Amino acid sequence: MILGKLWRTLRAQINKLANYFWTSDPIAQMQYEYDSAVAQLKEGREGLEQYRALVERVSRQVANDKAHVSNLEGKVKAYLQAGDRDTAAKFAFELQKAKQQLSENEGQLAMYEEAYTNNLDKIKHASSRLGQVREKIQKYDAEIKMSKAEAEMAKLASSFKFDVTTDFGEIETVIQEKIGLNRAKARVAADLSGEGIADIKREQAMEKVMADQALREFEVQMGLVTPATVGVKEEVKALGPASKSRRASKENA
């Protein structure tokens, strides 16, 4: 009983392994079955060729028998016409046996011809079916490859969905966060760089006023201008020569 259980368990595991290999690559399995069928068909064709040789041999035997019967019939007729009944009887008996052999060989030839024709039709039909199987194998192989490609494309398409639940979506979220952080740093730097600008501008304006005042003092010290004209010098310069001439005429009047 124990050995029986072990044997059944072993058979189950072997069957499981066989089913795995059977379904792992069905195209290869179909190709194997096709190759086996082609090999069997080749053997059947060789057997049919040998069988046809037998049919041809029996056919030649029938032809020889017919010639022999015809020859014996001629001899019987000739001896009868010659009045030699004993010799005619001898050939008549031989003719009877020849006709019997001819009848047997003709029956055998008809049987062989029928069997050959049937086997020939079977092989032709098997060849046609094998051609269809070959086309199916090519078709299924192409369809399996195409379906695998479609499955990979579908998987790839799903991985590129902009969804935070996918790995790609999580990576995109991290990238966006880094971009936002960098932009925030740039904004903070820009905001910090604006501090003290007003003070700097006021300081620059004050320095300009002090520079102008220092220049006027220098001009007074050098006698280039008088203190009374310091305030209008720039106005005169801005008015130009024509305006200065008219102003002088008014003062003279």
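Worth pointing out:
- Residues Leu72, Leu54 arranged by fewest to most Cβ contacts within 10 Å: Leu54, Leu72
- Unsatisfied cross-links (Cα-Cα over 25 Å) in the set Lys99/Lys124; Lys75/Lys97; Lys77/Lys97: Lys99/Lys124
Each reported figure results from applying straightforward, stated rules to the coordinates on display, with no laboratory input. This is a predicted model, so every value here is computed, not measured. Positions of Cβ are generated from backbone atoms using ideal geometry, with glycine treated the same way; all protein chains shown enter the neighbour counts.
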